[in-house]
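The values are calculated or read from the model by the stated rules, or taken from the named source; none is laboratory data. None of these values were measured; they are calculated from a predicted model. Note that each Cβ is placed from the backbone with ideal geometry, even for glycine, and that neighbours are counted across all protein chains shown. The protein model used for the area step is the full one, side chains on, heavy atoms only, and it has no ligands, DNA or RNA in it. Shrake-Rupley method; radii C 1.70, N 1.55, O 1.52, S 1.80 Å.
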Amino acid sequence: WKDRKGDAPLLFDILEHSVRNLLLLRFGQIKENEVGSFSEAWFRFSRQADLSRFPFLFDRIGESRKQLSFNVNFQAILEQLLLVFIGESEVWSR
């Protein structure tokens, strides 16, 4: 992705859609087989995470969009965002 800066809006859309699906799953609006291929850690996140974690992820994605519009180094944006998602995943992988 670091060489695909022009596709960054697509990446952010995919991430937002994924977090949205996990939130819908949390509230029983959709079933696990309807959300795509998430790891068990992300399904556990959906079921057990504090609800504040969902807006946190949306905010981080939004902040990444904002940074991109200010011409912050795209690779740095990706690395920061990746670390956020890895951090959340690590909590629920245990």
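Shown in residue order for region 60-68 are the 3J(HN,Hα) couplings computed by the Karplus curve 6.51 cos²θ - 1.76 cosθ + 1.60 at θ = phi - 60°: 5, 5, x, 5, 5, 4, 4, 4, 4 Hz (x for Gly and Pro). Rounded to the nearest 20, the size of the Cβ-charge dipole of region 16-56 about its Cα centre is 100 debye, with Lys and Arg at +1 and Asp and Glu at -1. Accessible surface of region 1-83, 1.4 Å probe: 53 percent of it comes from carbon and sulfur atoms.
Annotation for the chain: chymotrypsin sites (Phe, Trp or Tyr not before Pro) lying in DSSP loop with at most 14 further Cβ atoms inside 10 Å of their Cβ are W1, F27, F70. Rounded to the nearest whole Hz, the Karplus-based 3J(HN,Hα) values (6.51 cos²θ - 1.76 cosθ + 1.60, θ = phi - 60°) of region 84-94 follow the sequence 4, 5, 5, x, 5, 4, 4, 4, 9, 7, 7, with x at glycine and proline. Is the chain rounded, prolate or oblate when judged by the Cα gyration tensor, a ≥ b ≥ c being the square roots of its eigenvalues, rounded requiring a/c under 1.5 and prolate requiring a/b larger than b/c? Prolate shape, in that a/c is at least 1.5 and a/b is the bigger ratio.
The three principal axes of the C-alpha atoms in region 32-71 carry coordinate ranges of 37, 22, 14 Å, sorted with the longest axis first.
With +1 assigned to the C-beta of every Lys and Arg and -1 to the C-beta of every Asp and Glu, and no other charges, what is the dipole magnitude of the chain about the Cα centre in debye, to the nearest 20?
For the chain, the charge dipole is close to 80 debye.
Our coupling estimate for region 20-31, obtained by passing each phi through the Karplus curve with A = 6.51, B = -1.76, C = 1.60 and θ = phi - 60°, is 4, 4, 5, 5, 4, 4, 4, 8, x, 6, 9, 9 Hz, Gly and Pro reported as x. Considering only alpha-carbon pairs that sit under 8 angstrom and 6 or more positions apart, the relative contact order computed for the chain is 33 percent. FRET efficiency for the pair Q67 and E90, taken as 1/(1 + (r/R0)^6) with r the Cβ-Cβ distance and R0 = 25 Å, rounds to 0.60.
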